[in-house]
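Take a look at the structure set out below.
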Amino acid sequence: MSDVRLPKAGSIEISPSILSADFASLGSEIAEVEAAGVKLVHLDVMDGHFVPNITIGPPVVAHLRRCCKLVFDTHLMITDPRKYAKRFVDAGSDHITFHVETVDDAADMIAYLHDLGVTAGVSLNPETPVATIEAVAPLCDMILVMTVHPGFGGQTYIDAAARKCIRLRELVGPDVRIEVDGGINPDTVARVVGYGADTIVAGNAIFGENDRAAAITALRAGTGR
Ligand code: DX5
Ligand code: ZN
């Protein structure tokens, strides 16, 4: 892989989800969290088919690419990720996560993403067991554990889903990132870090607050690291 931008596993990273940001001011919203010192930004892509909501596509990603240097942590909640992945890579995505429920051959999709020059991740819905990705988990650069049902920001964290991080961490060891997504706030973040997550997506807990830097500081403090 040429230009790997996802930070190496070992650090705790916060990836603000734009889903709770002001979509009329995405550039300045992202600039605020960049100034607060995060390295990633989480771009939620929804197609109205795999999930009952619609968000952004490659043209928006391409425009955002010109506004900031953050690692674009792109979460594809779409039915046919293979068909659209290259367009997101061309638009400037650095890391692409697809849902295991959306592909026939997850290993092949991961290899395809690596060939496109980006880091690759597979995601599990809350009800999808770890067994579905056991074989491919070590091939990922980051695994995304959904801790809400995907589709909307501001939902309540599901601890039973987060606990899958424990088994995943046993499976992949310390070198693969484990990301959690949904309902993470300064109270729930300690739990997920305790289960082995090292990459924390937060939408409402950051963009729902007026002071985004303070919200990020509160999340970092909650990790205890
Ligand atoms: C949900 C998305 C999440 C969501 C997280 O489908 O994948 O990234 O925006 O938002 P919060 O942190 O508000 O639950
Ligand atoms: Zn997401």
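Laboratory data are not the source of any read-out in this text; all were calculated from the coordinates shown. Computed from a predicted structure; not experimentally measured. We place every Cβ from the backbone using ideal geometry, glycine too, and count neighbours over all the protein chains shown.
Of note:
- For residue 8, the lysines whose Cα comes closer than 19 Å to its Cα, not counting residues fewer than 8 places off in the same chain, are 39, 69.
- Over all pairs of different C-alpha atoms, the range 36-164 has a mean inverse distance whose reciprocal, the Kirkwood radius, equals 14.9 Å.
- The chain, helix-only ellipticity at 222 nm - DSSP H runs n ≥ 4, -39,500 (n - 2.57), divided by all residues, nearest 500: -9000 deg cm²/dmol
- For the pair the range 48-64 and the range 137-214, the centres of their Cα atoms are 21 angstrom apart.
- Against the rule of thumb 2.2 N^0.38 Å, how large the Cα Rg of the chain comes out: 0.91
- Estimated from the Cβ-Cβ distance and a Förster radius of 22 angstrom, the FRET efficiency linking residue 213 and residue 8 is about 0.30.
- Loop trypsin sites (Lys or Arg not before Pro), the range 1-90, which have at most 14 other Cβ atoms in a 10 Å radius of their Cβ (DSSP): 8, 66, 69
- Sorted on the mean count of surrounding Cβ atoms within 10 Å across their residues, most packed first, peptides 43-49, 9-15, 167-173 read 43-49, 9-15, 167-173.
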